[in-house]
1. Can you tell me which of 52-58, 293-299, 243-249 comes out highest on packing, and rank the rest after it, using the mean Cβ neighbours within 10 Å?
2. Among Phe325, Ile360, Ile76, whose Cα projects farthest towards the positive end of the dipole of the chain, with charges put on the beta-carbon of Lys, Arg (+1) and Asp, Glu (-1)?
3. Tilt of helix 354-366 relative to the longest C-alpha principal axis of the chain, in degrees (0 to 90, nearest 10)?
4. Can you tell me which of 149-155, 222-228, 181-187 comes out highest on packing, and rank the rest after it, using the mean Cβ neighbours within 10 Å?
5. Share of antiparallel DSSP beta bridges in the chain, in percent to the nearest 5?
6. Mind checking which of Trp268, Thr134, His101 is farthest towards the positive end of the chain's charge dipole, using Cβ charges of +1 (Lys, Arg) and -1 (Asp, Glu) about the Cα centre?
7. What is the sum of charges, Lys and Arg at +1 and Asp and Glu at -1, for the other residues whose Cβ falls under 13 Å from the Cβ of Lys376?
8. Leu208: net charge of surrounding residues, Cβ under 12 Å, Lys/Arg +1, Asp/Glu -1, itself excluded?
Amino acid sequence: MQIIVLGGGIGGLAISALLARQGKDVILVEKNNFVDDHGAGIQISSNAQKVLYELGIIDLFWKVADEPSHINIREIKSFKKLFTVPIAEFSNNVFNGRYHHVHRQDLIDLLLFRAKELGVTIFQNEKIYRINETKEKVFLYSESGKLYEGNMLIAADGLNSVSRKYLFPDHQPKFQNLSAWRTCIKFDENIPDVFVDPNLFISKNLHLVTYPIRDNSILNCVLIAKDNSVRNESWKQAASFTDIAPLLNNTNQAVKKIFLQNKRINKWGLFEHKLKKWYSKRIVMIGDAAHPMLPFMSQGASASLEDSYALSVFLENFVNLPDTFSKFQRFRYERVEEIQKISSRNRYAFHQSTFLRKFIFTILRLMPSILIHRLKRVYNYDIVSQIKN
């Protein structure tokens, strides 16, 4: 059986490697060349690291990733510390594994290396514009004129999934009146010491996440704010400082300097997707193609890795594709919904008024078990054990 994986992001590379490890014939089709020149930091928590262990790259991952000892939550105007999450202590004593920040490109490089090592056939710079599904085959048509033919398509083609548009042309995501802006800057003497630690800066209707990656050489920054102007759902849209300057009027001057230091800023609109079905007879979607995550729990990459491992197990000795796809979705749906619900609650906590923010973090200081319980529900999930059971 010829398996086509569409999309060479984290989920696509992981599922390709996992299926190739089973001896399956896998080709991966990617629209770019696997080089992310936009740059981005991501968070990989213990639940996702279990998949990297299964892929045999966990030691390599730990070498390129940064493991923070704590994460500070601060007011964005004064930088006053409201709460500190001792994430390393929690990881050692509460969670079933470690927590890291990493440059997305570094993880892509590791997954690409492993996929090639296991024999995945890879085609890059191939933009698919049309998909056709028959009773026995799936056909992918590339803008280069090539035709890709397989017995199964695993759609890992992200937020703007061509596969999703083919399967569910009437699907309309709901704009959340929120947009995000991302930039990465090189650390130098102009960056205040406060940014050496990972931080969550919060304010009414706005928050900023910053953390160092690549051994404290780069500062990853993501600003999320209320926005009534509907934006495109693509995190690679170009933006400028003037686009966000009005949002930063009530922030610390250091925040403005951060965004002024890099002319490359990307933006994207945040949308809620509610798909009741992730598959057809020969096509199944994973990751952001199936269930895009709002970024308030930073689980997009981790959820894609969980999807990849689960689907690979279901496909190991399958008999009927639609039945296998249905079992995969039933297994994953509740887990994905839980992450999305927790993420949505974080959104409201981050963007409250000054009074409510102080109240929330006073409660957390008095009863940290509330936070631990919420994080445990996400980070302590063991996809390997769960699927075996």
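The values are calculated or read from the model by the stated rules, or taken from the named source; none is laboratory data. Being a predicted model, the structure only gives us computed values, none of them experimental. Here Cβ is always computed from backbone atoms with ideal geometry, including for glycine, and neighbour counts include all displayed protein chains. What goes into the accessible areas is simple: the full protein's heavy atoms, side chains included, and nothing from ligands, DNA or RNA. Shrake-Rupley method; radii C 1.70, N 1.55, O 1.52, S 1.80 Å.
1. Highest mean packing first, the order is 293-299, 52-58, 243-249.
2. Highest projection toward the positive end goes to Ile360.
3. Relative to the chain, helix 354-366 is tipped by roughly 80 degrees.
4. On the way: 149-155: 23.0, 222-228: 18.4, 181-187: 20.0.
In decreasing order of mean packing, 149-155, 222-228, 181-187 become 149-155, 181-187, 222-228.
5. 70 percent
6. Going by the Cα projections, it comes out as Trp268.
7. 0
8. So the environment of Leu208 carries a net charge of +3.
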